[in-house]
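Novice: Before I ask anything, let me first share the structure, which is written out below as structure tokens.
Here, each number is a calculation from the coordinates, and none is a lab measurement. Computed from a predicted structure; not experimentally measured. Positions of Cβ are generated from backbone atoms using ideal geometry, with glycine treated the same way; all protein chains shown enter the neighbour counts.
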Ligand SMILES: Cc1ncc(COP(=O)(O)O)c(C=O)c1O
């Protein structure tokens, strides 16, 4: 059996039609298959590879940490310099109230931790989340996921969750003295890149503050320069009580985090002690990689280049079959009207002869394809990718 057949047989599957691109190497903004064919990566691991695949500074940091130590003890007991250094760097680039970092293994675990922290520190149970939001696949995260189709088969889920419309004022009175937290994606990702109206998210922020409710912003996709600023919330002049990070946080290694003020975070230390624990969360190699990646992002000023690249994509992705583009930074949902049309394009550009283009569709916007490449993507690569997409749209029936 070849690798592809073994993959289909022995690696647990998540759909009946996986892309099955057989990757042998990833470098910069390209993936390569076993025949050496190059694919322009418009997914970037879904907002993971913001500094590009295999950045030498990140690889170097990983190698150094490998030589020093791997896992030594569960999270929170011993002083591990990669964790300490990274937490400090993050705190230095966040508002003062986001000064305490709880590292997890994944985004979903950060969501779980934040939900527990909100309940524990407010002594309340009600949680408000938005329709068309995605926060992860574990049961707590699934309970707040904003689409019944994806939740229904796994009920019973957590009680006390209210799903509301994003960008709507109708439900703001629901934020009251019984609410532990409101959890929102700063910009809705899988809904097809839906940005909040500034006044609306500020009104949510205000109502949370007035009622002692915590505002949790999920920047697991939005963070690390994707939107053109280091953090998405900086566009809207709001500061969350808890910030959720993941994906690019680990520079290509698995890492998530929920970040809050130390006063709030300390509630996890008593009654019961060890309120949230993890064996591998904040793994030293992941923290070393993430720390190096954030330094690259800052030193190479990658966020600063985002607006021009977004504009270039928008100007080149003009075609009668493209119905609309929702974008917020180097983060775009390009809508072809139907899932069928979209899937045809996704498959065809992957198979494009000389050079493929690698993209996928959005969970709650299946008629749109994703443009979410490493922020390092060069202009000529953007031009190449868009030329392949437009040429393919011309040839598809
Ligand atoms: C906005 C958002 N939140 C949370 C998650 C969950 O992260 P993970 O897959 O690391 O558990 C994702 C993953 O796609 C996400 O996009």
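Novice: If you average the alpha carbon positions of segment 291-310 and of segment 20-39, how far apart do those two centres end up, in angstrom?
Specialist: Their Cα centres are 24 Å away from one another.
Novice: Measure nothing but the geometry: give the 0 to 90° angle between the long axis through the Cα atoms of 81-92 and the longest principal axis through the Cα atoms of the chain, rounded to 10°.
Specialist: Helix 81-92 sits at roughly 90 degrees to that axis.
Novice: Let me ask something additional. How much length is gained if the chain between residue 315 and residue 384 is pulled fully straight, taking 0.36 nm per residue apart and subtracting their Cα-Cα distance, in nm to one decimal? Walk me through the numbers before you get to the answer.
Specialist: Working: separation 69, 0.36 × 69 = 24.84 nm, distance 1.34 nm.
Extra length from residue 315 to residue 384 when fully extended: 23.5 nm.
Novice: For the chain, take the longest principal axis of its alpha carbons; what is the angle in degrees between that and the long axis of helix 379-395, to the nearest 10 within 0 to 90?
Specialist: 60
Novice: What is the packing order of peptides 134-144, 310-320, 112-122, taking the mean over residues of other C-beta atoms within 10 Å and listing the highest first?
Specialist: Numbers: 134-144: 21.2, 310-320: 14.8, 112-122: 23.0.
By packing density, highest mean first, the sequence is 112-122, 134-144, 310-320.
Novice: If I model a spin label at residue 174 and residue 263 as a point 7 Å from the Cα along the Cα→Cβ vector, what separation in nanometres do I get?
Specialist: 2.9
Novice: Given an 8 Å cut-off on Cα distances and at least 6 residues of separation, report the relative contact order of segment 197-250 as a percent. Write out the running numbers ahead of the final one.
Specialist: Working: 63 pairs, mean separation 21.6, N = 54.
That works out to 40 percent.
Novice: Relative contact order, percent, of the chain when contacts are C-alpha pairs under 8 Å separated by at least 6 residues? Could the numbers behind the result be given before it?
Specialist: On the way: 810 pairs, mean separation 92.7, N = 397.
Relative contact order for the chain comes out at 23 percent.
Novice: Compute the angle between helix 306-316 and the longest alpha-carbon principal axis of the chain, please, reported from 0 to 90 degrees and rounded to the nearest 10.
Specialist: Relative to the chain, helix 306-316 is tipped by roughly 40 degrees.
Novice: Just to check, using Stokes-Einstein with a Kirkwood Rh over alpha carbon pairs, what's the diffusion coefficient of segment 293-397 at 10 °C and 1.306 mPa s in µm²/s? Walk me through the intermediate numbers first.
Specialist: On the way: Rh = 14.2 Å.
Using the Kirkwood radius from Cα pairs, D works out to 112 µm²/s.
Novice: Now a separate question. Could you compute the FRET efficiency for residue 17 and residue 64, with r as their C-beta to C-beta distance and R0 at 25 Å, rounded to 0.05? Walk me through the numbers on the way to the answer.
Specialist: Details: r = 41 Å, r/R0 = 1.63.
According to the calculation, E is roughly 0.05.
Novice: Sorted by packing (mean other beta-carbon atoms within 10 Å per residue), highest first, where do 184-192, 145-153, 265-273, 338-346 land?
Specialist: Numbers: 184-192: 25.9, 145-153: 15.0, 265-273: 13.3, 338-346: 17.2.
Result, highest mean Cβ count within 10 Å first: 184-192, 338-346, 145-153, 265-273.
Novice: To make sure I understand, if each residue's beta carbon is the centre and we count other beta carbons within 10 Å, what order do 168, 16 fall in, fewest to most? Before the final figure, lay out the partial values.
Specialist: On the way: 168 12, 16 5.
With the fewest neighbours first, 168, 16 line up as 16, 168.
Novice: Considering every Cα-Cα pair within segment 56-299, what fraction, in whole percent, is farther apart than 22 Å? Don't skip to the end; give the middle numbers.
Specialist: Numbers: 15119 of 29646 pairs.
Everything past 22 Å amounts to 51 percent.
Novice: In the calculated pair distance distribution of segment 1-85, what percentage of Cα-Cα distances lie above 23 Å?
Specialist: Values: 1723 of 3570 pairs.
Across segment 1-85, Cα pairs with separations above 23 Å total 48 percent.
Novice: Given axes a ≥ b ≥ c from the Cα gyration tensor, I'd like to know whether segment 56-148 is rounded (a/c under 1.5), prolate (a/b larger than b/c) or oblate.
Specialist: On the way: a/c = 2.17, a/b = 1.83, b/c = 1.19.
Prolate, since a/c reaches 1.5 and a/b exceeds b/c.
Novice: Over the alpha-carbon set of segment 202-333, work out the extent along each principal axis and list the three values in angstrom, largest first.
Specialist: Over segment 202-333, Cα extents along the principal axes are 60, 40, 28 Å.
Novice: Compute the length gained on full extension between residue 139 and residue 324: take 0.36 nm times their separation in residues and subtract their Cα-Cα distance, giving the result in nm to one decimal.
Specialist: On the way: separation 185, 0.36 × 185 = 66.60 nm, distance 3.36 nm.
Extending this stretch completely gives an extra 63.2 nm.
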